[in-house]
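Below: the structure, in structure tokens.
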2 protein chains.
Amino acid sequence: MRIIIDMDEVMADAYWGLVEKYENQFNTTIDQEQVWEKKLRDLIPEEHYKIGIGYLYEPGFFRNLRVIKGAQEVIKALWDKHEVFICSAAMQFPQSLQEKSDWLDEHFPFIDWKYRILCGHKYMIDADVMLDDHAYNLEVFTGPQKLLFTSPHNIAEERFTRVDNWEAAAKLLL
Amino acid sequence: MRIIIDMDEVMADAYWGLVEKYENQFNTTIDQEQVWEKKLRDLIPEEHYKIGIGYLYEPGFFRNLRVIKGAQEVIKALWDKHEVFICSAAMQFPQSLQEKSDWLDEHFPFIDWKYRILCGHKYMIDADVMLDDHAYNLEVFTGPQKLLFTSPHNIAEERFTRVDNWEAAAKLLL
């Protein structure tokens, strides 16, 4: 079984990476409960939204993200049992490309470079399972099993099998 | 029709990039005729081979490669007519990742980031045509049309439709 696994908000905690940078810059606190009820952009002043987007282009942002809980153990088990590819739409942020490679080297050293994909579109990748936090990737995935990894931004989405965390992913895929 | 096009030795002249660096370092000249008859490693002292491989890891190597003749015009025409993805096994050389993105921005600015793939294996990409200089990529490509772009290292290969240059590629694909 071939599985393609997204990086940001599935393996790497880009969401809280953004929140933390924002909180530090404006010396404020974003209510973690509210994040699950409202969109992040509705919790900050409108004029701050572009500043937040800018974080994604800052050197070091992707390199320093925390690993999402359980990702290392479960992906190692998936790697041993299935054919696993890591697949990130990183081409949008050219400064992130080597950072993502280095991040994988540090946190997921068992994932051979041959099984890493940095791209834009993902619909042309042939696999049995896609695990991704973005509905727009799952919508056009051609394989049979479309798994939505829960993230604050996709909480209202109902079209795909939802995977709330890596424990749930393990139950489904191991 | 979806076409995946390799970068090194198809769009970017990595081969002559290596030869030029070698010639400059050792103040020598490699006979360009001989390159098509013998493997490059048979034209240099054995102890120099590792030095040559090292060039691939040097910052700037991939950024400064020349564009292979005709690639810009023909790929633009292919882009306008077909669904074109650029696909390079760049994950082997992490320092090359942003360089390849920047190189495409400079020489192929019309190729949207969503249609750029940096990876290792290529066999999981679903397409109708693969244009690549490496037989090992064509061997495992699952699409119907496997086109071998001629490069000194593949001159003895006979299993695939050979494309000697971009003029020939245009005749086949446009």
With B:L18, B:L78, B:L43 as the choices, which residue is touching a Leu at 6+ places or on another chain (Cβ under 8 Å), surrounded by 14 or more Cβ atoms within 10 Å (Cβ to Cβ) and outside the structural domain of B:F149 (by TED's automatic domain parsing)? B:L18
Within region A:153-160, can one find any residue that is free of Cβ contacts under 8 Å to residues at least 24 places away in the same chain and either among the hydrophobic types (A, V, I, L, M, F, W, C) or at the interface with chain B (Cβ under 9 Å from one of its Cβ atoms) (or both)? yes
For the condition at pLDDT 90 or above, farther than 20 Å from A:L118 by Cβ and within 16 Å of the chain's Cα centre (by Cα), what is the one hit in A:G54, A:G70? A:G70
From (1) more than 22 Å from A:Q98 (Cβ to Cβ); (2) more than 8 Å from chain A (Cβ to nearest Cβ); (3) open to solvent by less than 40 Å² (accessible area, probe 1.4 Å), pick out the condition that doesn't hold for B:K69. (3)
Out of curiosity, is A:T161 among the polar types (S, T, N, Q) and either more than 14 Å from the chain's Cα centre (by Cα) or outside the structural domain of A:L78 (by TED's automatic domain parsing) (or both)? yes
Could you tell me whether B:A90 is outside the structural domain of B:E23 (by TED's automatic domain parsing), of a type in the set (A, V, I, L, M, F, W, C) and surrounded by fewer than 21 Cβ atoms within 10 Å (Cβ to Cβ)? no
Out of curiosity, is A:R116 basic (K, R), within 14 Å of chain B (Cβ to nearest Cβ) and in contact with a helix residue (DSSP H, G or I) (Cβ under 9 Å, 6 or more places away or on another chain)? yes
Enumerate the pairs (first residue in region B:75-98 and among the polar types (S, T, N, Q); second residue anywhere and in a strand (DSSP E or B)) with beta-carbon separation below 8 Å, excluding pairs fewer than 6 apart on the same chain, so at least 6 apart or on different chains. B:S88/B:D8; B:S88/B:I117; B:S88/B:L118
If I ask for residues that are of a type in the set (D, E, K, R) and either modelled with pLDDT under 90 or in the same structural domain as B:A168 (by TED's automatic domain parsing) (or both), which ones from region B:21-40 would you list? B:D31, B:E33, B:E37, B:K38, B:K39
Would you mention how many residues in region A:124-174 are open to solvent by 80 Å² or more (accessible area, probe 1.4 Å), touching a helix residue (DSSP H, G or I) at 6+ places or on another chain (Cβ under 9 Å) and within 14 Å of A:I68 (Cβ to Cβ)? 1
Being under 16 Å from the mean Cα position of the chain (by Cα), of a type in the set (F, W, Y), under 28 Å from B:D42 (Cα atoms) and outside the structural domain of B:D42 (by TED's automatic domain parsing), is that true of even one residue in region B:133-142? yes
Residues in region A:25-54 that are in a loop (DSSP other than H, G, I, E, B) and of a type in the set (V, I, T): how many? 4
So the check is Cβ under 9 Å with 6+ separation or different chains; which pairs have a first residue in region B:124-140 that's farther than 22 Å from A:D128 by Cα and a second one that's of a type in the set (S, T, Y) and in a loop (DSSP other than H, G, I, E, B)? B:D133/B:T150; B:D133/B:S151; B:H134/B:S151
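The values are calculated or read from the model by the stated rules, or taken from the named source; none is laboratory data. Treat the numbers as computed from the prediction; the structure is a model and nothing was measured. Glycine gets a Cβ as well: all are built from the backbone with ideal geometry, and neighbour counts include every protein chain shown. Surface accessibility is based on the protein's heavy atoms, side chains included, excluding ligands, DNA and RNA. Shrake-Rupley method; radii C 1.70, N 1.55, O 1.52, S 1.80 Å.
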